[in-house]
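The values are calculated or read from the model by the stated rules, or taken from the named source; none is laboratory data. Note that the coordinates shown come from a computational prediction; the quantities given were computed from them, not determined experimentally. Note: ideal-geometry Cβ built from the backbone for every residue, glycine included; neighbour counts use all protein chains shown.
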Amino acid sequence: MKKTTFLAMMMCLLSTFGAQAADEIVFTTVMENPITQVKNQNRSGTCWDYATIGFVEAELLRETGKVYDLSEMFVANKDYVDCAEYHVRMHGSSRFSEGGSADDVLEVIDRHGICPEEAMARPGSMIGDTLANFTEFFATLEPYVESIAKGSSTKLTTQWKVGLQGILDAYLGTCPETFTYEGKKYTPKAFAQSLRIDKNNYVSITSFTHHPFYEQFVIEAPYKWRPRPSWNVKLDEMMAVIDEALKSGYTVAWGGDVSEDGFTRTGLAIAADIEHAPDLTGSDAARWLKLTKQEKAESLKKLGAQTPELVPSQELRQERFDNWQSTYDHVMLIYGIARDQNGREYYMVKNSWGKTGDYQGIWYMSKAYIALNTTYIFLNKNAVKKDVRKKLNF
């Protein structure tokens, strides 16, 4: 009798532990498309560069089956020249910073070409680092550009551009005029042409109500300094575009907000509904606001698959954008779909912070999180659903 009672108690305890363990999120991959290696932007504000180069590499992998390793520092060098020239023409009224957008990378490739990683100085190598490190670099570059853009000169000479290029080359390395790749000599422009990368094949799509649907507008986001417009569609259509693109074998570059409490450094992003998740706070919402970012992440991880989420809507999305709750601060690459044990679906997303977190540099971002926090998506226009393309006339 005692033995039976003991076994029953053990079974009860094991059942309890099993129930607790069930809260831990277990992902099952629904589908995923091939991508290139996870890279590390390190101490540089170049997520836009790393994510979009990863997107271009995935496009080449899809089209040719070949793995390319393209140079992010080539793009950064050329883009900062473009950005500085624009900033000077605007007499300093635009934004000059490390940040950018997916449009910038395709514009650079179109105007200047591209080179493989091996043809350019490795990130960080110019200052003796093993990864990109812009700490000293931008502390030097930004005030230089501002001094020209907001200076007292009534007529500029062209020498400021020589000085600009000198700073860029000193920290990023000189962009090659020619290089040899797999036994063949190229210029950056010729190499880009050989890859058949055409910026006209790519579109940016967003979803906001302060502009008409099915028209283009330039998103009011500080890091999108290059005035390239995005197509505006309804929220459910934008989300369907992502799903259909992935299912058709394409990847999607994603620009949006990762400053939300539900975005953790361990590889998880959930649109956590704090008001309906008391276990997250330990007491009340007021206490939740006082927790550190790490404490919030630990609370989310503890609740795991049981975390209730906000229900995305066009109205809520617009409200969060207008009140600055949802901002544009990061770019990553969506390449797959996964599902947790409760059936909630997530996008599999390649980040550019190295092989960090619980999933070696991959983030699982719930569809609700993406719906609420997307500034824009960037993808091959052939991946867009035909009914949406018809509405947008491309």
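Is there a residue in segment 309-323 that is among the aromatic types (Phe, Trp, Tyr) and surrounded by fewer than 20 Cβ atoms within 10 Å (Cβ to Cβ)?
no
Out of segment 168-190, which residues are more than 27 Å from the chain's Cα centre (by Cα) and either modelled with pLDDT under 95 or among the charged types (D, E, K, R) (or both)?
Glu177, Glu182, Lys184, Lys185
Going by what's in this entry, would Val88 be described as over 18 Å from Ser352 (Cα atoms), among the β-branched types (Val, Ile, Thr) and surrounded by 15 or more Cβ atoms within 10 Å (Cβ to Cβ)?
Answer is yes for this residue.
Only residues that are closer than 13 Å to Ala84 by Cα and either in contact (Cβ under 8 Å) with a residue 24 or more places away in the chain or of a type outside the set (Phe, Trp, Tyr) (or both): list them for segment 130-147, please.
Result: Phe138, Leu141, Glu142, Pro143, Val145, Glu146, Ser147.
Among the helices (runs of 4 or more DSSP H) lying completely within segment 305-394, list those that include at least 1 residues that are touching a residue at least 24 places away in the same chain (Cβ under 8 Å) and touching a Ser or Thr at 6+ places or on another chain (Cβ under 7 Å).
Filter on segment 305-394 gives 314-322, 367-373.
Yes or no, residue by residue, for (1) within 25 Å of Thr52 (Cβ to Cβ); (2) modelled with pLDDT of 95 or more; (3) not hydroxyl-bearing (Ser, Thr, Tyr):
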site: Lys296; (1), (2), (3): no, no, yes
site: Gly336; (1), (2), (3): yes, yes, yes
site: Asp340; (1), (2), (3): no, yes, yes
site: Tyr346; (1), (2), (3): yes, yes, no
site: Ile362; (1), (2), (3): yes, yes, yes
site: Lys367; (1), (2), (3): yes, yes, yes
site: Lys381; (1), (2), (3): yes, yes, yes
site: Lys386; (1), (2), (3): no, no, yes
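Listed here are the residues, each with its yes/no results for (1) part of a helix (DSSP H, G or I); (2) surrounded by fewer than 21 Cβ atoms within 10 Å (Cβ to Cβ); (3) in contact (Cβ under 8 Å) with a residue 40 or more places away in the chain.
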site	(1), (2), (3)
Asn200	yes, yes, no
His211	no, yes, no
Tyr214	no, yes, yes
Lys224	no, no, yes
Asp243	yes, yes, yes
Trp254	no, no, yes
Arg265	no, yes, yes
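Considering only segment 151-167, how many residues are more than 28 Å from the chain's Cα centre (by Cα), closer than 19 Å to Asp82 by Cβ and not hydrophobic (A, V, I, L, M, F, W, C)?
Number satisfying all stated conditions: 5.
Among the residues of segment 327-336, how many are buried (at least 20 other Cβ atoms within 10 Å of the Cβ) and of a type in the set (Val, Ile, Thr)?
2
If you check Gln193, Gln165, which single one turns out to be over 30 Å from Leu316 (Cα atoms), touching a helix residue (DSSP H, G or I) at 6+ places or on another chain (Cβ under 8 Å), part of a helix (DSSP H, G or I) and at pLDDT 95 or above?
Gln165
Run down Ala132, Ala149 and say which single residue is surrounded by 11 or more Cβ atoms within 10 Å (Cβ to Cβ) and over 14 Å from Glu98 (Cα atoms).
Sole residue among the options that is surrounded by 11 or more Cβ atoms within 10 Å (Cβ to Cβ) and over 14 Å from Glu98 (Cα atoms): Ala149.
Looking only at segment 154-191, which residues are closer than 21 Å to Ala132 by Cα and crowded, with 17+ Cβ neighbours inside 10 Å?
Those that are closer than 21 Å to Ala132 by Cα and crowded, with 17+ Cβ neighbours inside 10 Å: Leu164, Ile167, Leu168, Tyr171, Leu172, Gly173, Cys175, Pro176.
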